[in-house]
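What follows is a single structure, written as structure tokens, with notes after it.
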Amino acid sequence: MLLENTIVSSDNGPKIKHAYDDGALENLNGHDPHNGLRGEKGLIYEGGLRLPFIFSWPAKVATPRADPRPVNLSNMIPTITALVGAPVPGGVWKDARDDSGILLGNDSAPDKPLYLQNGTGNIQAVRLGPWKYIRLPQNKEELYNLEKDPSETTSQTTAEPKIRARMKALMDEFLSRKY
């Protein structure tokens, strides 16, 4: 019965380099918990965000599969309410979307924008397909193709001006929403 109705997830990437004096950094013994990705928990980079999300519901999803589209814990309220058929109050979850179709494997729609925030709760990035746009203080921007550069080492803001403009427009539209 427990296996039939279990959702397992993880909360952010590791936090070993900053803020904790627990010996984690000294005890790595050559292990790279970020798997070569930039950043850690509380930051907007993939090292703090990219984790496996395991969804198990054998009664509804019979065939195991991997889906490359990202899901986000901030989306779990509208996702789980949709899965159980409960209503979601309108306008409550400005930055959340229903990912139930992705989890159940019946969503063949193109990727939808995923808005990301850092540990302060500020919306600072948007992902769409392989692209991630990050808005930084002092009007600075970063743009990464996560398929080609998952470690976010080389910003493409000048190399891809059309994609930068499209992602910036998605961010501006999102931030202008009134709820």
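Read the figures in this text as sums done on the coordinates, not as results from a lab. Quick caveat: nothing in here was measured; it's all calculated off a predicted structure. All Cβ positions, glycine included, derive from the backbone under ideal geometry; neighbour counts span all protein chains shown.
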What percent does the relative contact order of region 113-179 come to when contacts are Cα pairs within less than 8 Å and at least six residues apart? 22
For Q117, which sequence-distant residues (separation of 5 or more, or a different chain) have an amide H within less than 5 Å of its own amide H, given hydrogens modelled in the peptide plane? Q124
Step through the residues of region 41-56 one at a time and calculate ³J(HN,Hα) from phi using the Karplus curve (6.51 cos²θ - 1.76 cosθ + 1.60, θ = phi - 60°), rounding each to whole Hz and writing x for Gly and Pro. 3, x, 10, 8, 8, 4, x, x, 10, 7, 9, x, 10, 9, 10, 10
So who's got an amide H within less than 5 Å of the one on W131, skipping anything under 5 residues away but keeping other chains? H placed 1.01 Å off N, in plane. L146
Would you mind ranking S151, S176 so that the residue whose beta carbon has the fewest other beta carbons within 10 Å leads the list? S176, S151
How far, in nm, would the chain grow between A159 and E141 when pulled straight, counting 0.36 nm per residue and subtracting the alpha carbon separation? 5.2 nm
Within region 22-81, list the trypsin sites (Lys or Arg not before Pro) lying in a DSSP loop whose Cβ has at most 13 other Cβ atoms in a 10 Å radius. R65
Among Q156, V126, L146, flag the residue with its Cα farthest along the positive direction of the charge dipole of region 113-179, charges on Cβ as +1 for Lys/Arg and -1 for Asp/Glu. V126
